[in-house]
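Just so it is clear, none of the values below were taken in a lab; they were calculated from the coordinates. Just so it is clear, the structure is predicted and the values come from calculations on it, not from any experiment. Quick reminder, even Gly has a Cβ in these numbers, built from the backbone with ideal geometry, and neighbours come from all protein chains shown.
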Amino acid sequence: MIDAATLLSDLIRIDTTNPPGREREAVELVGSTLADNDIAFGTYAKDPGRPSLVARVAGEGTAPPLLVQGHLDVVGVTGQRWDRDPFSGEIVDGWVWGRGALDMKGPIVMMLDALVRARQGHPPAGDIILCLVPDEESGGSLGAGFLVSEHPELFEGVAYALGEFGGFPFVFDDVRFSPIQISERVGVEFHVTFRGDPGHASMPQPGGAMAKLGRALVNLDRKHLPVHLTAPTRLMLEAMSPHVSPPTRFALRGLLDDRTAPATVAALRSRLGRMENLFRNTATPTIVRGGDKVNVIPAEVMLTLDGRMLPGMDPLTMRDELADLLDVECDISFSTERSGIPAEPDMGLFDLLASAVLRMDPGLVPIPYMIPAITDARWFSKLGIRCYGFTPMPLPADFAFEATVHGANERIPVSALRPGSDAYLDVFQRYGRTSHT
Ligand SMILES: [Zn+2]
């Protein structure tokens, strides 16, 4: 048995802020919990201070193994104002407080609790593999990336994986939707170089490298890249439609038509909020480099953009879109890792996950969802594993999930831990036994 709230609180107290990560102590704590419950595991590390843990509970062998994966590192809290110490793991008024409570030590504790119960009960149809990794918040090359390239044998035969993210409160048109992640965007780093005549700064030269940078930054702030309707977002809108009010349904229909989608996205901007990022590539300026002497006009200024590209798109196409938007003379180069995120999502596990959500809370409406960010799913996808973000968390509808993940006052209700664990166990027990899989 696991005391989920205490284990979560203990995990939060182990500060795994990445960088530097230092996830080893957290892996040791999980390892001792597994050992106490007779579950075999191994650890694998590129950096000895930052191991991954892979545990396995044997199934009957009548279905392929199911992978459940999560990351033990967390993002930092620099500059944030918290009402409680973010690494105290305090339990106050029924909430476990601290960095990682949602992203994703809380869900990891639910996975662990479900795994222990799966081990004690009737064996699942397929093996359940629990994989906990370091380094997700800094790209994952030491964790999921390392495992996928150096230890692919650990995942042999795995068809599906569950990881972050989903199950957070998403209220739209007064309907409580429960997103299940079926896809994500792809990271692309853009480097833009602006050139101009160098010279003595006592004699200004209008239109130089700095002026071009300025025009580009203003355009990035004011304009948007083109709207594209992708398969995952189409599936999401179609799933939402029957549940919303007639006027909203009409608006969603506008989003579903390529001809009317751009105008509809613009018209619905305030209601869509962050969902707008599901309809286009985005490029956010984050680093500027240029000039090293106060009296010398620089010949070159460089701008770095954090690009997030819709799945299935070609980075060359995104570069052309960006060039159009910047609308100023410049050179654009980019780097992107080969991502395994397919353009067409697989929906083979969706009905099973959706039914587990409904058993947890019949008032929720499960919908497929593409997150605008990137996760370790892209590493596991390289092995052909179809990844879902499934972190069932019954949170209050008014809880500011997106503001607290990576923000201040991250916390989770103690009362969410058991239903979340029940939902995982429900999936473990039914995976491979129903027509859904
Ligand atoms: Zn995360």
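In terms of Cα to Cα distance under 20 Å, which lysines are near enough to Lys212, apart from those fewer than 8 places away along the same chain?
Qualifying lysines at Cα under 20 Å: Lys223, Lys293.
Taking the convex hull of the Cα atoms, report for the range 370-437 its projected area averaged over all directions, in nm².
6.4 nm²
What is the angle, in °, between the Cα long axis of helix 246-255 and the longest principal axis of the Cα atoms in the chain? Nearest 10 is fine, range 0 to 90.
On a 0 to 90 degree scale, this one is about 60.
Is it possible to state the helix-based mean residue ellipticity at 222 nm for the chain, with each DSSP H run of 4+ residues giving -39500 (n - 2.57), the sum divided by total residues, to the nearest 500 deg cm²/dmol? What is it? Intermediate results must be reported in sequence, preceding the final value.
Working: 14 runs with 140 residues, N = 437.
Taken over the chain, the calculation gives -9500 deg cm²/dmol.
Find out how many positive minus negative residues lie around Leu115, taking Lys and Arg as positive, Asp and Glu as negative, among other residues whose Cβ is under 14 Å from that of Leu115. Before the final figure, lay out the partial values.
Numbers: positive: Arg56, Arg117, Arg119; negative: Asp36, Asp38, Asp113, Asp127, Asp422, Asp426.
Once positives and negatives cancel, what remains is -3.
What list of whole percents do you get for P(r) of the range 90-147, with Cα-Cα distances grouped in 5 Å bins up to the one holding the largest distance?
Final binned percentages: 4, 14, 17, 19, 17, 15, 10, 3, 0.
Give the cross-link partners of Lys46 among the lysines, using a straight C-alpha distance below 29 Å as the criterion and excluding same-chain residues fewer than 8 apart.
Excluding near neighbours in sequence, the set is Lys105, Lys382.
For Leu217 and His122 in the same chain, what is the full-extension length gain: residue separation times 0.36 nm, less their Cα-Cα distance, in nm?
On the way: separation 95, 0.36 × 95 = 34.20 nm, distance 5.93 nm.
Gain in length upon complete extension: 28.3 nm.
If the only charges are +1 at each Lys and Arg Cβ and -1 at each Asp and Glu Cβ, what is the size of the charge dipole of the chain around the Cα centre, to the nearest 20 debye? Mind dumping the intermediate values first?
On the way: 40 positive and 56 negative charges, 157 e Å.
The dipole magnitude comes to about 760 debye.
For the range 289-362, I need the span (max minus min coordinate) of the C-alpha atoms along each principal axis, in Å, sorted largest to smallest.
The Cα atoms of the range 289-362 stretch 68, 25, 22 Å along the principal axes, largest first.
What FRET efficiency do you get for Asp93 and Val288 if R0 is 60 Å and r is their Cβ-Cβ distance, rounded to the nearest 0.05?
Details: r = 44 Å, r/R0 = 0.74.
That pair, Asp93 with Val288, gives E of 0.85.
Where q = 0.15, 0.27 Å⁻¹, what log10 of I(q)/I(0) comes from the Debye formula for the range 31-103, counting one point per Cα?
Taken in order of the listed q values, log10 I(q)/I(0) reads -0.79, -1.23.
Just need the relative contact order of the chain here, percent rounded to a whole number, with Cα pairs under 8 Å and 6+ apart. Working shown, then result.
Details: 915 pairs, mean separation 110.9, N = 437.
This gives 25 percent for the chain.
First obtain the Kirkwood hydrodynamic radius of the range 54-176 from its Cα pairs, then insert it into the Stokes-Einstein equation at 4 °C and 1.567 mPa s, and state the resulting D in µm² per second as a whole number.
Rounded to a whole number, D works out at 78 µm²/s.
What are the semi-axes of the equivalent ellipsoid for the range 227-277, taken as the square roots of 5 times the Cα gyration tensor eigenvalues, largest first, in whole Å?
Numbers: eigenvalues 43, 33, 23 Å².
Result for the range 227-277: semi-axes of 15, 13, 11 Å.
Projected onto the charge dipole of the chain (+1 at Lys/Arg Cβ, -1 at Asp/Glu Cβ, origin at the Cα centre), which of Thr43, Ser333, Ser149 gives the Cα projection farthest towards the positive end?
Ser333
For the range 227-277, what does the relative contact order come out to in percent, with C-alpha contacts under 8 Å and a separation of six or more? Show your work: numbers first, answer last.
Numbers: 24 pairs, mean separation 16.7, N = 51.
Relative contact order here is 33 percent.
Just to confirm the number: angle between the C-alpha axis of helix 105-120 and the first principal axis of the chain, 0 to 90 degrees, nearest 10?
Once rounded, the angle reads 30 degrees.
What FRET efficiency would be calculated for the residue pair His191, Asp47, taking the C-beta separation as r and a Förster radius of 25 Å, to the nearest 0.05? Show your work: numbers first, answer last.
Details: r = 28 Å, r/R0 = 1.12.
Efficiency, from the Cβ-Cβ distance: 0.35.
Cα-based Rg of the chain per 2.2 N^0.38 Å, rounded to two decimals? Each step should come with its number before you reach the end.
Numbers: Rg = 23.2 Å, N = 437, 2.2 N^0.38 = 22.2 Å.
Compared with the compact-globule rule of thumb, the chain sits at 1.05.
Taking the 0 to 90 degree range and rounding to the nearest ten, how far is the long axis of helix 315-326 tilted relative to the main principal axis of the chain, both from C-alpha atoms?
Helix 315-326 sits roughly 50 degrees off the main axis of the chain.
Could you calculate the FRET efficiency of Ser270 with Glu28 from 1/(1 + (r/R0)^6), where r is the beta carbon distance between them and R0 is 56 Å, rounded to 0.05?
Values: r = 48 Å, r/R0 = 0.85.
FRET efficiency, Ser270 to Glu28: 0.70.
Roughly how many nanometres apart are two label points built 7 Å out from the Cα toward the Cβ at Asp258 and Asp314?
Distance between the two pseudo-spin positions: 1.6 nm.
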